[in-house]
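**Student:** If you scroll down you'll find the structure; I have some questions about it.
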Amino acid sequence: MDTPQDILRALGLNPDALSGGTLVARSPIDGAELARVHEHTVAQAHAAITRARQASLAWRDVPAPRRGELLRLLGDTLRQHKRELGQLVSLEAGKILAEGEGEVQEMIDICDFAVGLSRQLYGLTIASERPGHRMMETWHPLGVVGVISAFNFPVAVWSWNAALALVCGNAVVWKPSEKTPLTALACQALFAQAAQRFGDAPAGLSEVLIGGREVGEALVDSHAVALVSATGSTRMGRQVGPRVAQRFGRVLLELGGNNAIIVGPTADLDMAARGIVFGAIGTAGQRCTTTRRLIVHESVANDLLQRLHKAYASAPIGNPLDGKNLVGPLIDQASFDAMQASLKAAAEQGGKVTGGERVLADQYPDAWYVRPAIAEMPGQTDVVCHETFAPILYVMRYTDFNQALALQNGVPQGLSSAIFTNDLREAETFLSASGSDCGIANVNIGTSGAEIGGAFGGEKETGGGRESGSDAWRNYMRRATNTINYSRNLPLAQGIKFGE
Ligand code: UN1
């Protein structure tokens with residue numbers, strides 16, 4: 001493992017410039033200070049938005065396939081720096097190295113996707129009801145896209161938004177989490193390298209705002225920002241959504257998840273257990289797609305729980321930079337406190353809790369490692385309906401499939417869901433209109449670890465936004481409907497005669 005300084009240098013950052021600022025970047029691995037980053041003022045945020053606006057005016061006229069070349073170069077740059085950026089993600093967000101690198105791979109994947117898209121930003125041609133007329137739709141860039149991201153995917157979330165926004169002809173202004181400024185600055189440095197190789201990318205095409213609430217608010221409230229794509233808690237989304245709507249801006253919200261796995265009586269329990277363990281304790285339970293609820297048929301519940309307890313007992317917890325560990329730290333003490341509060345509530349609500357306690361406190365007094373918890377609940381009580389961003393798996397038993405579906409859908413969030421079953425009727429019902437109400441519904445795969453090729457996002461309190469693959473690019477463009485008259489007459493639609 002390289003030193004933090006080496007990693008920053010390899011990513012094109014000057015460690016000396018990352019000192020003397022007011023924002024202290026700490027590693028959740030041991031609580032050590034990594035840097036003191038300079039924060040932007042509100043005036044600087046406005047200036048960055050203005051630069052981005054200017055850049056977007058030039059960029060929108062660059063042919064999309066040429067814009068795709070910038071994303072090809074960004075993907076190329078990321079490939080070259082996958083190891084270092086993955087290490088920095090581990091250092092700053094506390095993910096195990098495999099997941100840090102996995103996150104960078106998601107960035108590379110979306111860049112590749114965007115290159116392909118650069119020749120596929122299609123509109124429809126539509127049959128006109130009038131003779132000698134043709135209708136079509138054209139997709140145009142929006143202008144400036146604002147991105148607000150969370151600590152847990154400190155680089156990939158930016159890239160899903162930025163790759164699509166840029167290829168669609170927009171400029172991007174990014175407000176990363178205050179907990180992960182270094183990874184954001186590293187992305188910006190890698191982007192600058194790609195832009196330099198590209199040659200004539202306008203200055204200001206990608207801007208980063210380091211700071212707290214005020215700079216975030218500048219982005220949210222600026223009329224120059226056409227779309228605000230915000231990833232984070234439902235609480236944050238509840239504030240951002242209406243503020244952007246107030247000025248008739250667009251929002252794309254990726255908020256909380258409370259993702260469940262149903263395990264039916266015919267399920268392959270080995271596979272189910274593996275899917276649940278990765279989903280529930282991977283990234284120390286800090287993914288929006290983390291498996292938080294297990295709804296298991298009573299006939300297989302004891303068997304499955306036995307497997308889970310065994311897997312939990314042997315999952316190595318510790319420094320995420322050490323390749324043998326599978327569970328790294330929580331991001332900070334607030335996160336630990338929230339986990340403890342939820343476990344206490346679970347016990348009060350009749351739950352039987354195993355695990356959840358702090359570990360490695362001697363070795364890392366300033367870091368927050370926990371044993372992932374399993375809470376067997378008597379039903380879907382209040383605490384189960386809330387997202388706690390920590391490794392807590394609530395387990396509920398069911399007897400009847402409809403009851404399982406009702407539990408799955410009976411929470412306010414609607415991001416990801418899965419069923420493990422070998423019963424075709426159950427699987428298809430789960431995927432049908434009266435099945436899972438989530439944006440992601442899987443069969444014999446867990447709730448987390450989606451590929452970038454599909455649209456990513458969810459319903460209800462998750463916010464309704466879709467980013468990444470499929471046709472999510474449309475969120476980053478505006479649609480113009482064009483009617484062209486190539487006849488010598490001017491017939492009106494709906495057959496209206498007007499003074500003829
Ligand atoms: C998030 O936690 O904000 O499906 C995103 C997954 C990842 C994305 C998670 N591809 O788990």
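The values are calculated or read from the model by the stated rules, or taken from the named source; none is laboratory data. The model shown is predicted, which means the values in this text are computed figures rather than measured ones. Note that we place each Cβ from the backbone using ideal geometry, even for glycine, and neighbour counts take in every protein chain shown. SASA here: full protein model, heavy atoms, side chains in, ligands and nucleic acids out. Shrake-Rupley method; radii C 1.70, N 1.55, O 1.52, S 1.80 Å.
**Student:** Taking amide H positions as placed in the peptide plane 1.01 Å from N, state which residues far from TYR369 in sequence (5 or more) or on other chains have amide H under 5 Å from it.
**Tutor:** Excluding prolines and chain starts, which carry no amide H, the hits are LEU330, VAL359.
**Student:** To continue, here is another question. Name the residues whose placed amide hydrogens come within less than 5 Å of the amide hydrogen of ARG478, ignoring near sequence neighbours (fewer than 5 apart) on the same chain.
**Tutor:** HIS140, LEU142
**Student:** Same structure, new question: Could you give the accessible area per residue of the chain, probe 1.4 Å, as a whole number in Å²?
**Tutor:** So the chain comes to 41 Å² accessible per residue, rounded to a whole number.
**Student:** Separate question: Just in the range 281-372: which chymotrypsin sites (Phe, Trp or Tyr not before Pro) are loop by DSSP and have at most 16 other Cβ atoms within 10 Å?
**Tutor:** Listed in order of number, the matching sites amount to none.
**Student:** Same structure again: Which is the longest stretch in the chain that no exposed loop site breaks, taking sites as trypsin sites (Lys or Arg not before Pro) with a DSSP loop state and at most 10 other Cβ atoms within 10 Å?
**Tutor:** 1-323
**Student:** May I ask you to derive the relative contact order of the range 401-500, considering only C-alpha pairs under 8 Å and at least 6 residues apart, and to give it as an integer percent?
**Tutor:** The value is 22 percent.
**Student:** Here's a follow-up. Lysines within cross-link reach of LYS460: Cα-Cα under 30 Å, excluding same-chain residues under 8 positions apart?
**Tutor:** Excluding near neighbours in sequence, the set is LYS95, LYS175, LYS179, LYS344, LYS352.
**Student:** For LEU326, tell me the accessible area in Å² from a 1.4 Å probe, rounded to the nearest 10.
**Tutor:** The accessible area of LEU326 comes to roughly 90 Å².
**Student:** Hey, another quick one. Find how many whole Å separate the alpha carbon centroid of the range 8-38 from the alpha carbon centroid of the range 191-232.
**Tutor:** Their Cα centres are 21 Å away from one another.
**Student:** Got a sec to turn the phi values of the range 379-392 into Karplus ³J(HN,Hα) couplings, 6.51 cos²θ - 1.76 cosθ + 1.60 with θ = phi - 60°, whole Hz, x for Gly and Pro?
**Tutor:** With the stated coefficients, the range 379-392 comes to x, 8, 6, 3, 5, 5, 7, 9, 8, 10, 7, 6, x, 10 Hz.
**Student:** I'd like the distance between the alpha-carbon centres of the range 375-402 and the range 148-162, rounded to an integer number of Å.
**Tutor:** 28 Å
**Student:** Same structure, new question: At a 1.4 Å probe radius, carbon and sulfur cover how many percent of the accessible area of the range 70-112?
**Tutor:** Within the range 70-112, the accessible surface is 45 percent carbon and sulfur.
**Student:** From the backbone phi of the range 393-410, what are the Karplus-calculated ³J(HN,Hα) couplings (6.51 cos²θ - 1.76 cosθ + 1.60, θ = phi - 60°) in whole Hz, Gly and Pro given as x?
**Tutor:** 10, 8, 10, 10, 9, 9, 10, 10, 4, 4, 5, 4, 4, 5, 5, 3, 8, x
**Student:** List every residue whose amide H lies under 5 Å from the amide H of GLU207, counting only residues 5 or more places away in sequence or on a different chain, with H placed 1.01 Å from N in the peptide plane.
**Tutor:** Amide H neighbours of GLU207, under 5 Å, 5+ apart: VAL172, VAL173, TRP174.
**Student:** Please report the relative contact order for the range 60-207, taking Cα pairs under 8 Å with a sequence separation of at least 6, and give it as a percent rounded to a whole number.
**Tutor:** Computed value for the range 60-207: 30 percent relative contact order.
**Student:** Still on this structure, please answer the following. Under unit Cβ charges (Lys, Arg +1; Asp, Glu -1), what dipole magnitude, rounded to 20 debye, does the chain have relative to its Cα centre?
**Tutor:** Using Cβ point charges on Lys, Arg, Asp and Glu, the chain gives about 1440 debye.
**Student:** At a probe size of 1.4 Å, how large is the accessible area of SER434, to the nearest 10 Å²?
**Tutor:** Rounded to the nearest 10, the figure is 90 Å².
**Student:** Return a whole-number percent for the relative contact order of the range 259-443, with Cα pairs under 8 Å and 6 or more residues apart as the contact set.
**Tutor:** Taking the mean separation of contacting Cα pairs over the length of the range 259-443, I get 28 percent.
**Student:** Using the crude model of +1 on Lys and Arg Cβ and -1 on Asp and Glu Cβ, and no other charge, please compute the dipole size for the range 259-443 relative to its Cα centre, in debye to 20.
**Tutor:** Charge dipole of the range 259-443: 220 debye, to the nearest 20.
**Student:** Same structure, new question: Could you run the Karplus curve 6.51 cos²θ - 1.76 cosθ + 1.60 with θ = phi - 60° over the range 349-366 and give me ³J(HN,Hα) per residue in whole Hz, x for Gly and Pro?
**Tutor:** Result, rounded to whole Hz: 8, x, x, 9, 9, 10, x, x, 7, 6, 10, 6, 5, 5, 6, 10, x, 9.
**Student:** Okay, next question. Can you give the calculated 222 nm mean residue ellipticity of the chain, where each DSSP H run of n ≥ 4 adds -39,500 (n - 2.57) and the sum is split over every residue, rounded to the nearest 500 deg cm²/dmol?
**Tutor:** Taking each H run of at least 4 residues, the total per residue is -12000 deg cm²/dmol.
**Student:** Debye sum, Cα scatterers, the range 420-500, no solvent: what log₁₀ I/I(0) at q = 0.15, 0.23 1/Å?
**Tutor:** With no solvent term, the Cα-only Debye profile gives -0.71, -1.19.
**Student:** Treating each Cα of the chain as an identical point scatterer and ignoring solvent, apply the Debye formula and state log10 I(q)/I(0) at q = 0.08 Å⁻¹.
**Tutor:** -0.52
**Student:** In the chain, with Lys and Arg counted as +1 and Asp and Glu as -1 at Cβ, which of these residues, LEU11, SER468, SER299, has the Cα nearest the positive end of the dipole, that is, farthest along it?
**Tutor:** Most positive-ward Cα: SER468.
**Student:** Now a separate question. Of all the Cα-Cα pairs you can form in the range 259-443, what percent are over 30 Å apart?
**Tutor:** That tail contains 16 percent of the Cα-Cα pairs.
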